[in-house]
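The values are calculated or read from the model by the stated rules, or taken from the named source; none is laboratory data. Just so it is clear, the structure is predicted and the values come from calculations on it, not from any experiment. Neighbour counts run over all protein chains shown; Cβ positions are idealised from the backbone, glycine included. These accessible areas exclude ligands, DNA and RNA; they are computed on the full protein's heavy atoms, side chains included. Shrake-Rupley method; radii C 1.70, N 1.55, O 1.52, S 1.80 Å.
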Amino acid sequence: MAEPTIETPPTVALTDHHSDVVCMGCGCLCDDLSTQQRSDSSSDSADPGMLTILPACSLAHEWFAGLMAEDGPACLVRGRPVSIEEGTAAVRAILATAKRPLIAGLSNTSVEAQREAVHLAERWRGVLMGHASPVAARVHRAAQAAGLVTSTLGEVRQRADVVVLWNADPVVTHPRHFERYSLHPKGRFVPRGRKDRQLIWIGSTPCASSELADIKVIFAPGRDVEALSVLQGILNGVELDEKMVLRQTGVSPDVWRDLSTTLRQARYGAVFYDPNLSPESAIHAEHDARALMQWVTLLNETTSFVFHALTEGGNGSGLEQVVAWTTGRSGILDFGSGVPTVLTDVDSAQDLISRRSVDAALFVSSDPLREWEPAEWRRLGFIPTVVLSNSSTATSSSATVWFRTAPLSYAAGGTVFRSDGVALRVRPITSSALPSDEEILRRLVCLA
Amino acid sequence: MALHLTTRTHWTLPIDLSGELPGLLAPLSPSEVGKRKLLVGREQVDLGEIFSISGSAGDGVVVWEGDLSTAFGIGHLLKEGQVTVRGSVGSYCGSQMKGGSIVVEGSAGTSVGAAMAGGTIHVLGSCGNDVGHDPRRGVGMTGGTIVVDGSAGTHVGRTIRRGTIAVRGSVGEGAVMDAIAGTVIVMGKSGRNAGSGMRRGSLFLLDDAPPEILPTFQRGRSLKPLILSLLLPHLASIGFKIDPSFAHRDMRLYHGDMLSLGLGEIFSVHQGDGE
């Protein structure tokens with residue numbers, strides 16, 4: 001038997017300069033970065049320190065540093081280097097014997113790869129994780145229940161004269177949010193930038209962003225829904241029990257009334273909410289987001305307001321859109337019966353694996369084991385796993401089949417969606433002999 | 001004699017039992033029942049491979065035995081007959097049922113009695129989230145009765161339009177959220193945001209602890225809810241007994257949710273101001 005061709009892609013040096021580079025390090029998805037490879041870096045392109053990123057942003061640096069892969073074979077089956085053809089054959093064997101394969105971790109890849117993943121789940125009648133995280137799913141469900149008044153971030157930049165941060169700290173979590181979208185830019189209807197804008201911070205734990213606010217309202221921790229009920233009640237003219245308001249929110253009703261008056265006087269307001277700010281807020285994200293969306297809808301009876309959730313980095317927004325336009329559903333989808341059925345009794349891939357209700361798993365550009373408890377690690381060891389990832393991770397190291405793929409926004413291009421639904425074209429800043437996620441997934445779809 | 005179906009081994013993959021109703025199984029012999037196809041993951045498997053079969057469903061009674069915590073849709077669209085589960089069941093037990101009765105002797109998963117229109121469900125253990133509510137379609141129950149001897153998760157009776165739910169233990173966040181009408185009784189503690197967005201309907205909180213009432217509910221008078229004197233015998237008839245003295249106790253009434261229609265009622269045995 002002939003020895004398989006082992007593909008070891010060469011290290012390709014970065015070209016000198018790139019502009020309009022997209023960073024997926026946080027939900028801002030800034031598409032105005034410039035990258036420059038420093039002249040002393042030709043000997044070692046895998047050193048993240050050799051790439052200069054402008055404007056300087058710690059999350060952008062961390063993101064690009066994480067994408068710089070070490071050299072190695074393009075495919076490994078049980079740790080043995082093989083050709084991509086052999087790897088795809090091994091995946092076919094896994095999928096053919098599985099009774100319920102799981103396809104997960106799609107939030108860091110391109111829309112094109114996500115579309116192929118949906119086709120793969122449909123062909124092999126598996127389970128597809130159609131959201132970026134359980135928290136993202138909760139906010140999505142809230143939007144489905146309450147309705148969502150929103151806009152593009154460009155509209156916020158051009159129009160918003162009042163910016164409300166609800167339990168959000170973009171200074172830390174989205175470092176360029178103020179600069180690019182919400183606070184500092186000069187817009188058509190806010191020509192003086194920050195001077196024409198009022199920043200209102202509402203939340204329970206003061207943070208770096210609250211220090212910059214013109215108005216601060218600090219309410220009792222975990223009482224978001226109560227506070228929003230009060231604000232909605234004031235807008236609706238509901239007679240509120242003053243003692244109950246003070247006891248439940250920790251804030252005097254007069255403060256809430258003054259705040260409502262200020263908001264009603266806004267020409268155009270934008271509310272930003274971060275469901276991931278704390279573990280507590282993540283748990284209550286569905287109720288909090290629903291109440292916020294209802295409040296914003298009410299504000300639109302007297303003025304214009306829009307709602308935005310500050311999302312995590314990656315392409316989670318694209319995943320939700322792809323799943324919606326290809327299947328007409330959202331959330332975790334089971335194609336077992338041949339048609340997509342929404343699973344409502346599980347929250348995450350971890351749930352499915354810990355219950356052993358899937359018997360094979362394919363992870364795309366994600367490292368779930370990094371966040372999982374050892375017990376789930378062990379359970380994952382019972383089922384065959386396929387991993388598409390650019391670098392060696394805990395998940396790829398324990399995978400049955402590991403395809404080393406070109407990382408999106410560094411060595412592979414594609415389309416991603418910003419949290420406001422704006423599509424951005426991502427161009428690679430270096431070339432790579434490695435295939436992209438999309439190419440591998442398309443091969444796997446063709447196997448079915 | 002009832003049809004007995006007993007699991008042969010423990011299955012971790014989900015089993016779709018939504019088509020196995022007493023009316024369909026009644027005319028079949030045990031061997032014919034064993035040849036019925038069930039969806040397990042993505043594969044069609046003979047029912048006889050998963051369950052050992054004895055008896056007949058001629059009398060309209062089907063008894064499932066063993067651990068069925070991965071089986072979903074038991075009693076889906078049930079119209080008549082009786083289903084008993086001697087063990088725990090998975091999600092969507094009794095979903096969209098219109099009549100008949102289901103007794104679960106263990107615990108049940110999420111969406112018990114999702115969007116049910118009639119009949120009764122009695123869970124002797126605890127339930128997951130969304131009792132009476134179908135989150136896939138966003139609709140609640142429109143009739144029938146669900147009683148739970150244990151506790152229940154979040155969103156009990158969400159978007160309920162008609163029917164009754166009674167829970168002996170505690171319930172999670174968002175009980176009777178967005179209710180259109182209907183009645184829910186909670187004997188244990190209730191989580192936050194109870195009654196959020198409810199238009200009509202009644203929520204009885206029979207625990208002595210101070211309830212967490214949203215500020216958009218208005219405190220009403222103290223009264224004896226005589227409706228309980230009609231409701232409690234009905235619940236007792238399906239095996240859910242509540243001390244009849246509750247019907248004669250003074251309860252604090254809260255009206256709301258004023259952000260919605262505001263015709264809903266929360267009755268609390270705790271007479272204070274609420275938390």
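Restricting attention to segment B:103-153, the residues that are part of a loop (DSSP other than H, G, I, E, B) and in contact with a helix residue (DSSP H, G or I) (Cβ under 9 Å, 6 or more places away or on another chain) total 2. In segment A:367-383, the residue that is farthest from A:T405 (Cα to Cα) out of those that are in a loop (DSSP other than H, G, I, E, B) and over 24 Å from the mean Cα position of the chain (by Cα) is A:F382.
Looking at A:L67, A:L59, can you tell me which residue is modelled with pLDDT of 65 or more, within 30 Å of A:E122 (Cα to Cα) and aliphatic (A, V, I, L, M)?
A:L67
The residue that is surrounded by the most Cβ atoms within 10 Å (Cβ to Cβ), among those in segment B:221-263 that are part of a strand (DSSP E or B), within 14 Å of chain A (Cβ to nearest Cβ) and in contact (Cβ under 8 Å) with a residue 40 or more places away in the chain, is B:G256.
Here's the yes/no breakdown for (1) of a type in the set (S, T, Y); (2) open to solvent by 10 Å² or more (accessible area, probe 1.4 Å); (3) assigned by TED's automatic domain parsing to the domain that holds A:L259:
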residue	(1), (2), (3)
A:A104	no, no, no
A:A121	no, no, no
A:L148	no, yes, yes
A:A168	no, no, yes
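Within segment A:237-266, residues that are facing another protein chain (nearest Cβ under 10 Å) reach partners that are in a helix (DSSP H, G or I) and among the acidic types (D, E) with beta carbons closer than 8 Å, at six or more positions or on different chains, in the pairs A:Q248/A:E226; A:T249/A:E226; A:P253/A:E242. For segment B:10-41: of the residues being β-branched (V, I, T) and more than 18 Å from B:S54 (Cα to Cα), which is nearest to the other protein chains (Cβ to nearest Cβ)? Among those that are β-branched (V, I, T) and more than 18 Å from B:S54 (Cα to Cα), it is B:T12.
Residues satisfying the criterion are present in segment A:310-325 (criterion: open to solvent by 20 Å² or more (accessible area, probe 1.4 Å), touching a residue at least 60 places away in the same chain (Cβ under 8 Å) and touching a Lys or Arg at 6+ places or on another chain (Cβ under 7 Å)). Here the condition is being open to solvent by 30 Å² or more (accessible area, probe 1.4 Å) and away from chain A (no Cβ under 14 Å); of B:S54, B:S107, B:S88, it holds for B:S54 alone. Taken together, the residues in segment A:341-356 that are more than 10 Å from chain B (Cβ to nearest Cβ), of a type in the set (S, T, N, Q) and more than 21 Å from the chain's Cα centre (by Cα) amount to 1. Looking only at residues of segment A:283-292 that are more than 18 Å from A:V149 (Cβ to Cβ) and open to solvent by less than 20 Å² (accessible area, probe 1.4 Å), we find that the one that is nearest to the chain's Cα centre (by Cα) is A:A285.
When the residues of segment A:332-358 are filtered to those that are of a type in the set (A, V, I, L, M, F, W, C) and part of a strand (DSSP E or B), which remaining residue is surrounded by the fewest Cβ atoms within 10 Å (Cβ to Cβ)? Within segment A:332-358, the match that is surrounded by the fewest Cβ atoms within 10 Å (Cβ to Cβ) is A:V342. Across segment B:158-175, the number of residues qualifying as within 16 Å of B:L214 (Cβ to Cβ) and more than 14 Å from chain A (Cβ to nearest Cβ) comes to 1. Every test in (1) closer than 13 Å to A:G269 by Cβ; (2) surrounded by fewer than 18 Cβ atoms within 10 Å (Cβ to Cβ) is passed by A:I200 save one, and that test is (2).
Could you please let me know if A:R197 is under 19 Å from A:L310 (Cβ atoms) and not hydroxyl-bearing (S, T, Y)? It is true that A:R197 is under 19 Å from A:L310 (Cβ atoms) and not hydroxyl-bearing (S, T, Y). Just checking, which of A:W295, A:W325 is not assigned by TED's automatic domain parsing to the domain that holds A:R123 and not in a strand (DSSP E or B)? Only one candidate qualifies: A:W295.
Consider B:E212 carefully, then state whether it is touching a Gly at 6+ places or on another chain (Cβ under 9 Å) and farther than 22 Å from A:R223 by Cβ.
When the stated conditions are applied, B:E212 does not pass them.
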